[in-house]
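Read-outs throughout are calculated quantities, based only on the coordinates presented, and are distinct from any laboratory measurement. Only a predicted model underlies this, so the values are computations on that prediction, with no experimental measurement involved. Every residue, glycine among them, receives a Cβ derived from its backbone with ideal geometry; neighbour counts consider all protein chains shown.
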Amino acid sequence: NDKKPISAQAKPVAGGDVWSGVWVIIEYMNGKVAPVSWELLGEGRKLADAIGCGLSGVITGHQVDSVIPEAFAYGAETVYVVDHPILKDYRTEPYAEAITDLVKKYQPEIILMGATSMGRDVFPAIATKLQTGLTADCTVLGIDPDTKLLQQTRPAFGGNIMATILCRTRRPQMATVRPRVMAMPDRVDGREGETVREEFTLNESDFRTKVLEFINTDAKSAFLDKAEIIVAVGLGLAAKRNLVIAEELADVLGATIAGTRGAVEAGWLNHDQQVGQSGVTVRPKVYIAIGISGAIQHLVGMETSDFIIAINNDPEAAILKVANYGIVGDLFQIVPALTAEFKKR
Ligand code: FAD
């Protein structure tokens, strides 16, 4: 927890074929930074050290100065800021244009962003403009010791294999990374660095979309990736009306309700409540899996939870193999009994 500034070595490079530095695009929306941005600065530090280059954060938006000291606190040496009224609310086109212009000017070797809704939307647009590759939804990053290329690892073929992808010929190397798979780095308040403010010409008439209104999602399902206790349901619940059994348990524990793709496709839950490969990755303190078989596509989204409790009537169910406590039996008896027991405490 050294309070001294990290040496500011991430200087703009001269152009041409020189691509240098690790950049993290910091996601800032509605006055909040997506925590994955800080997780990526922690991971970016390791990558930058392995290559021997600088680590920078990029903030795009309007009136974003409060974010700059936070970016230094989480390890950025340089913070690039593009502050413009057009960037106040997130839209693909102006964000893609601003970040692309910045990348063309400073030529970072690697750029990273969270695999959030924003990252999944804007990064492909930027990669297309830059004519480079993009590995989406990475769960592991590393640096190849011989070539110094970014090793981008992600589940492939329905989660059955982990594929490690290298971008050999194009620059920058681009990856989005799932929230909560990288550890949150220590925050060192008061750490300083270099701020580079860039002004690009952005004209409203060049963009085809407008933000009319923000509609908040149901509070019960919001922030699933930050929930400390999750009660997750699967098709074992048999019908939507039985969701109440899980909701009663969740109420007693102050937990958030989530579930499998099966439960979402059955119309019992919203898509933003889906845990797994094509849903959200979660890392709560406690994950209670009710009537969930434990398909690999579900496990990749929750197996790093601190403590897993699974209730299933099939002793061979895969979920029981990753559970700290497995309860083999009928969920319609076990879950109400657990709720009644927790109510007493
Ligand atoms: P099931 O597999 O049907 O399991 C139900 C379980 O409930 C069974 O184990 C059964 O023994 C148990 N059960 C039944 N009755 C009771 C009872 N009375 N008491 C106790 N236990 C009972 N899935 C996800 O979850 N998330 C994803 O992001 C995801 N992405 C996918 C992406 C791709 C490309 C593909 C191909 C699939 C994906 N899936 C995903 C689907 C996944 O493969 C499984 O089909 C799904 O997870 C199964 O959901 P489930 O566990 O609810 O249902």
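Please work out whether the stretch 62-113 counts as rounded, prolate or oblate from its C-alpha gyration tensor, where a ≥ b ≥ c are the square roots of the eigenvalues and a/c under 1.5 means rounded, while otherwise a/b larger than b/c means prolate and anything else oblate?
Taking the square roots of the gyration eigenvalues as a ≥ b ≥ c, the stretch 62-113 is oblate.
Could you please rank Phe207, Phe157, placing first whichever residue has the fewest other Cβ atoms within 10 Å of its Cβ?
Going from sparsest to densest Cβ surroundings: Phe157, Phe207.
For a 29 Å ceiling on Cα separation, which of these pairs sit above it: Lys285/Lys343; Lys148/Lys226; Lys226/Lys344?
Correct reply: Lys148/Lys226.
Using a simple spin-label model with points 7 Å from Cα along the Cα→Cβ vector, what separation in nm is obtained for Thr147 and Asp251?
5.7
For the stretch 103-145, what class follows from the C-alpha gyration tensor (a ≥ b ≥ c being the square roots of its eigenvalues): rounded when a/c is under 1.5, otherwise prolate if a/b is larger than b/c, else oblate?
It is oblate, given that a/c is not under 1.5 and a/b is not larger than b/c.
Calculate for the chain the 222 nm mean residue ellipticity that helices alone would give, adding -39,500 (n - 2.57) per DSSP H run of length 4 or more and normalising by residue count, nearest 500 deg cm²/dmol.
Helix-only estimate at 222 nm: -7500 deg cm²/dmol.
What relative contact order, as a whole-number percentage, does the chain give when Cα pairs under 8 Å and 6 or more residues apart are counted?
Taking the mean separation of contacting Cα pairs over the length of the chain, I get 15 percent.
Based solely on C-alpha atoms, express the radius of gyration and the Dmax of the chain in angstrom.
So, for the chain, Rg and Dmax equal 21.9, 69 Å respectively.
Could you bin all the Cα-Cα distances of the stretch 83-182 into 5 Å bins starting at 0 and give me the percent of pairs in each, rounded to whole numbers?
Cα pair-distance distribution for the stretch 83-182, in percent: 2, 13, 22, 23, 20, 12, 6, 2, 1.
Pull up the cross-link candidates among the aspartates and glutamates for Lys104, meaning alpha carbon to alpha carbon under 12 Å and not fewer than 8 places away within one chain.
In chain and number order, the partners are Asp17.
For a quick check: sort Leu47, Leu40, Leu130 by the number of other beta carbons within 10 angstrom, fewest at the front.
Starting with the residue having the fewest Cβ neighbours, the order is Leu130, Leu47, Leu40.
Could you check the simple spin-label distance between Ala337 and Thr164, using points 7 Å along Cα→Cβ, in nm with one decimal?
Distance between label points: 4.7 nm.
At q = 0.09, 0.12, 0.19 Å⁻¹, what log₁₀ I(q)/I(0) does the stretch 161-302 have when each alpha carbon counts as one equal point scatterer in the Debye sum?
These q points yield log10 I(q)/I(0) values of -0.45, -0.71, -1.09.
Percent antiparallel among DSSP beta bridges with both residues in the chain, to the nearest 5?
Rounded to the nearest five, the antiparallel share is 20 percent.
With r as the distance between the Cβ atoms of Lys129 and Asp65 and R0 = 25 Å, compute the FRET efficiency 1/(1 + (r/R0)^6) and round to 0.05.
Once rounded, the FRET efficiency stands at 0.40.
Treat the count of other C-beta atoms within 10 Å as a stand-in for reagent exposure and order Val181, Val328, Val36, Val300 from fewest to most.
If I rank by nearby Cβ atoms, fewest first, I get Val328, Val181, Val300, Val36.
Find me the longest stretch of the chain that has none of the exposed GluC sites (Glu not before Pro), where exposed means in a DSSP loop (not H, G, I, E or B) with at most 10 other Cβ atoms within 10 Å.
My reading of the result: 1-198 is the longest stretch.
Multiply the residue gap between Ala238 and Val328 by 0.36 nm, knock off their C-alpha separation, and tell me the result in nm, one decimal place.
Contour length minus the Cα-Cα distance gives 30.7 nm.
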